[in-house]
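Q: Got a structure for you, questions after.
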Amino acid sequence: MTESGASFEDDSVLAAEYVLGVLDAQERIATEARIARDPQFARHVESWENHLAGLNGAFESVDPPAYLKDALEHRLFGGTATASQTGLARIWNSARFWRLGTFAATAGLILLAAITLREPPPLPVTGETLLASLVTEEGDTRFVVLYDSSANVLRASLVEGTAPAERDYELWFVPPGNSGAPVSLGIVGGEGDKAPHVPATLLGDFTDGTTIAVSLEPAGGSPTGQATGPVVAVAPAKKI
Amino acid sequence: MPADARDEIRDLISRVALSDRAAFALLYDRTSAKLFGVTLRLLGNRHDAEDAVQEIYVKVWQRAASYGTTGASPMSWLIAIARNHAIDRLRSRRAPHDDIADNETIADGDPTPEAQAIATDERARIDHCLGELPEDRSKAVQAAYLDGDSYQELAERFSVPLNTMRTWLRRSLIRLRECLEA
């Protein structure tokens, strides 16, 4: 086992031994702790995972028994399973929803045009400030989210890129460990009750490391209160 | 629709990060045969493999938000979670490893979406670099990765002392990295 200060070579070999799986139980626990506290070592592990991923094709696919999925969903979600979400997905995919949505989107676009003509108010920085920088997979759209906890002021800006026509970017608070439904933090560039804000119910929870996500929603934001469109970026908010 | 299977799985993971249960169900449908195959091969019996698959998808549900911070392909990320879970389980309680029944429902021969999502160039590169190692070293690396052999088991499989196996494998890993990063 290596300690911090060990050579690049030693760290890389230990990471490889971990990824291969040849270490014993105690060594694995120690290595996992190292991954959690040492980002440079974690990158060695990631690099080996990518290197060895080429072997993954040798694992044959085997259909698991059907009851496994039910058991899993019951365990995660309780008795309600996916009924409501499935219904939501059906609505999302229905032509009627989209015809209505297009109408709402046009109205939203007019509102958006009005909003973008106004300068956002300056951010008073008086206490702990959290910053999240979110970038899409393609790297062409970038958001910055700032939160001043003492004044409870949340600011969100689209600093690079634009929203596609008739769509809005919506901000979400993601509960730790995905332990509950995400909570909307408003719309990037939104106004009134759609302006970026941290709801009173989340005040104590919005702390260093809080995960923030951005999804692409119909203009005016999610029609359901839950994210319906693709998630384009996820990042933690860090204390600055 | 996403352009290909890799994008679709990536998209599903990011929706799961927002507690989208429908996306989770679809992600399970798309990827569970591969992950069940991984756990079955490593753990060697259906009972443990079924338990492991459940635990693995619970982790996927909890960790989906962290996926975006890794540079991994979505399938590699899922398989890494599955392998780590299965290996932790192997190390804490060594399970019998030789009883995979012959009548398993091996999915048909057509490449599945997840198989297509494993980039063929990744595979060609590792095959080439393993080919540069002495044959027994190459087999040891694959036995560890695919069958979950520990150092002790590798030493027994190749009939060499444990410390010799450690030295062998570590040297092989350094050569392998040099080749893979060349």
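The values are calculated or read from the model by the stated rules, or taken from the named source; none is laboratory data. No experiment lies behind these values; they were computed from the predicted model shown. All Cβ positions, even for glycine, are placed from backbone atoms using ideal geometry, and neighbour counts span all protein chains on display. Accessible surface areas use protein heavy atoms only, side chains included; no ligands, DNA or RNA. Shrake-Rupley method; radii C 1.70, N 1.55, O 1.52, S 1.80 Å.
Q: Do we have A:A42 as open to solvent by less than 50 Å² (accessible area, probe 1.4 Å) and facing chain B (nearest Cβ under 7 Å) here?
A: no
Q: So which of A:L88, A:L52 ends up being at pLDDT 90 or above and within 9 Å of chain B (Cβ to nearest Cβ)?
A: Values: A:L88 fails: at pLDDT 90 or above.
Testing whether each residue is at pLDDT 90 or above and within 9 Å of chain B (Cβ to nearest Cβ) leaves just A:L52.
Q: Can you name every residue in the stretch A:125-160 that is part of a loop (DSSP other than H, G, I, E, B) and either at pLDDT 85 or above or open to solvent by less than 40 Å² (accessible area, probe 1.4 Å) (or both)?
A: A:G127, A:T136, A:G139, A:T141
Q: Which is surrounded by 15 or more Cβ atoms within 10 Å (Cβ to Cβ) and modelled with pLDDT under 85, of A:A195, A:A213, A:A227, A:A237? Explain how you work it out, then say what you get.
A: Details: A:A195 fails: modelled with pLDDT under 85; A:A213 fails: modelled with pLDDT under 85; A:A237 fails: modelled with pLDDT under 85.
Every option except A:A227 fails the conditions.
Q: Also, I was wondering about something else. Go over the candidates B:R21, B:R46, B:R63 one by one and state the one that is touching a residue at least 24 places away in the same chain (Cβ under 8 Å) and not assigned by TED's automatic domain parsing to the domain that holds B:A144. Spell out how you get there, then give the answer.
A: On the way: B:R21 fails: touching a residue at least 24 places away in the same chain (Cβ under 8 Å); B:R63 fails: touching a residue at least 24 places away in the same chain (Cβ under 8 Å).
None of the others qualify; the one that does is B:R46.
Q: Follow-up. Which members of the stretch A:161-181 meet the condition of being open to solvent by less than 30 Å² (accessible area, probe 1.4 Å), in contact (Cβ under 8 Å) with a residue 24 or more places away in the chain and within 14 Å of another protein chain (Cβ to nearest Cβ)?
A: Passing the criteria: A:Y169, A:E170, A:L171, A:W172, A:F173, A:V174, A:P175.
Q: Anything in the stretch B:25-45 that is open to solvent by 10 Å² or more (accessible area, probe 1.4 Å), touching a helix residue (DSSP H, G or I) at 6+ places or on another chain (Cβ under 7 Å) and more than 8 Å from chain A (Cβ to nearest Cβ)? List them, or say none.
A: B:L26, B:R30
Q: Residues that are modelled with pLDDT under 90 and of a type in the set (G, A, S), at least 2 per element: which helices (runs of 4 or more DSSP H) completely within the stretch B:1-117 meet that?
A: Output list reads B:113-117.
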